[in-house]
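Engineer: If you scroll down you'll find the structure; I have some questions about it.
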Amino acid sequence: MPDVTEYPWIAVSGYGAHIKSTPNTLIIQKKNTIEEYPITTVKNLLVIGGHTLHSTAVLNLIRHGAFISFFEADGTPSGTIRPPGDQDQAEMYELQKAAPRQRFATALARTALQARLFVMEKEEEQKNIRLFYEGELEFLSKSREELGFLIKIDEIRRLHRLVSDMYYEIMSRNIPPELGFRRRGARPHTDPVNAMLSFGYAMLFGNCMVACIGARLDPDGGLLHDGKNSLVHDLIDSLKPGMVDTTVFRIARENLREEHYELTPGRCILSDDLVREITRELHASINAETINRQVLGLADAIRTGSEFTVRY
């Protein structure tokens, strides 16, 4: 019987699982597998998609102080059952609001830039091509150092947006020009590369949202970004290049054909075959373990005041 020690949440995704319990044991039966967990170690049960949840499991989990959070299949939160009198989430939200925002924002922006630099330099080396125009690599490298000296959040955001925009423009130079990808654009997308990137980012976003709820973090309490789901955008920014971009750009260069998408006057529509291919590839490249560690690391840093190491 595994103990829930590393992450205080259990995620049940997909469809068709039966979630039940004895007074002391949570039992998850899915197809031909059965997992059992001591009830007292489960702090948050995350139910993603369509499953059968027995009322005895609900009662036993709540009795031991656990949350039960529900999500659509894509990771969109739909509701949470909380034990009576629970104050942990409210306390965590207050700690998150009081966190030294500039310190966290700097770490997030610097690592996101480092992740993009790593992908660009690796692309040059592996493909034996020249991506950077004169002065671009030097500017990006200096920007990484400059982020450590910026005081205002607006300044950090401004530089973060600038270097992110440069990254997409630089990477577009190794994408077939007939695909129409020049930079990262807003929805609705009119080229297949931007459409694929958004599809991949949505998958990454869903995985991270589930982990944020599991760690009892406020998804809207961003440290670098502002607005709805801003914390999730904070946490996935450094993960996008390695988990999504490299896969999408490779498909665009090597496998993308005209029959894989349709261009209408207002948007680009990806074919079902292309969506299946992207989904299969991204299931392999999006690493849930790394996402969980990213989220739990932030929660620990907020709770204890320790250093937050951003992953990429």
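The values are calculated or read from the model by the stated rules, or taken from the named source; none is laboratory data. Just so you know, these numbers come straight off a predicted model, no measurement behind them. In this analysis, Cβ positions are derived from the backbone assuming ideal geometry, glycine residues included, and neighbour counts consider all displayed protein chains. Ligands, DNA and RNA are excluded from the accessible area calculation, which covers all protein heavy atoms including side chains. Shrake-Rupley method; radii C 1.70, N 1.55, O 1.52, S 1.80 Å.
Engineer: What residue, among those in the stretch 63-83 that are open to solvent by less than 10 Å² (accessible area, probe 1.4 Å) and assigned to a loop (DSSP other than H, G, I, E, B), is nearest to ALA288 (Cα to Cα)?
Structural biologist: GLY75
Engineer: Would you mention how many residues in the stretch 14-27 are touching a helix residue (DSSP H, G or I) at 6+ places or on another chain (Cβ under 9 Å), under 21 Å from GLU72 (Cα atoms) and either modelled with pLDDT under 90 or open to solvent by less than 10 Å² (accessible area, probe 1.4 Å) (or both)? Can you show your working first?
Structural biologist: We begin by selecting, within the stretch 14-27, every residue touching a helix residue (DSSP H, G or I) at 6+ places or on another chain (Cβ under 9 Å); these are 19-27.
Filter once more, so that each one left must be under 21 Å from GLU72 (Cα atoms): 19-20.
Checking the rest, the ones that are also either modelled with pLDDT under 90 or open to solvent by less than 10 Å² (accessible area, probe 1.4 Å) (or both) come to 19.
The qualifying residues number 1.
Engineer: Just one of (1) assigned to a loop (DSSP other than H, G, I, E, B); (2) of a type outside the set (A, V, I, L, M); (3) closer than 25 Å to ILE129 by Cβ trips up ASP220, so point out which.
Structural biologist: ASP220 satisfies every listed condition except (3).
Engineer: Being in contact with a Lys or Arg (Cβ under 7 Å, 6 or more places away or on another chain) and among the hydroxyl-bearing types (Ser, Thr, Tyr) narrows it down to one residue among THR52, THR56; which is it?
Structural biologist: None of the other options fit; the residue is THR56.
Engineer: I need the full set of residues from the stretch 148-186 which are in a loop (DSSP other than H, G, I, E, B), over 20 Å from GLU262 (Cα atoms), open to solvent by 70 Å² or more (accessible area, probe 1.4 Å) and modelled with pLDDT of 95 or more, in order please. If you could, list the steps in order and put the result at the bottom.
Structural biologist: First, the residues of the stretch 148-186 that are in a loop (DSSP other than H, G, I, E, B): 150-152, 175-176, 180-186.
Going one step further and asking which of them are over 20 Å from GLU262 (Cα atoms), we end up with 150-152.
Now drop any that are not open to solvent by 70 Å² or more (accessible area, probe 1.4 Å), which leaves 151-152.
Scanning the stretch 148-186 gives a single hit, LYS152.
Engineer: Across the stretch 226-253, what is the total count of residues that are touching a residue at least 24 places away in the same chain (Cβ under 8 Å) and not in a helix (DSSP H, G or I)?
Structural biologist: Final tally of qualifying residues: 3.
Engineer: Wholly within the stretch 84-147, which helices (runs of 4 or more DSSP H) include no fewer than the required count, namely at least 2 residues that are farther than 29 Å from ASP220 by Cα? Even if it seems obvious, please write down each step before you answer.
Structural biologist: On the way: elements: 88-98, 101-127, 136-146.
The qualifying helices (runs of 4 or more DSSP H) are 101-127, 136-146.
Engineer: LYS31 fails exactly one of the following numbered conditions: (1) exposed (fewer than 12 other Cβ atoms within 10 Å of the Cβ); (2) closer than 26 Å to MET203 by Cβ; (3) modelled with pLDDT of 95 or more. What is the number of that condition?
Structural biologist: (3)
Engineer: Moving on. Please give the number of the condition HIS189 fails out of (1) under 23 Å from the mean Cα position of the chain (by Cα); (2) at pLDDT below 95; (3) of a type outside the set (S, T, N, Q).
Structural biologist: (2)
Engineer: Give just the number: which of (1) in contact (Cβ under 8 Å) with a residue 60 or more places away in the chain; (2) touching a strand residue (DSSP E or B) at 6+ places or on another chain (Cβ under 6 Å) does GLU262 not satisfy?
Structural biologist: Only one criterion in (1) in contact (Cβ under 8 Å) with a residue 60 or more places away in the chain; (2) touching a strand residue (DSSP E or B) at 6+ places or on another chain (Cβ under 6 Å) is unmet by GLU262, namely (1).
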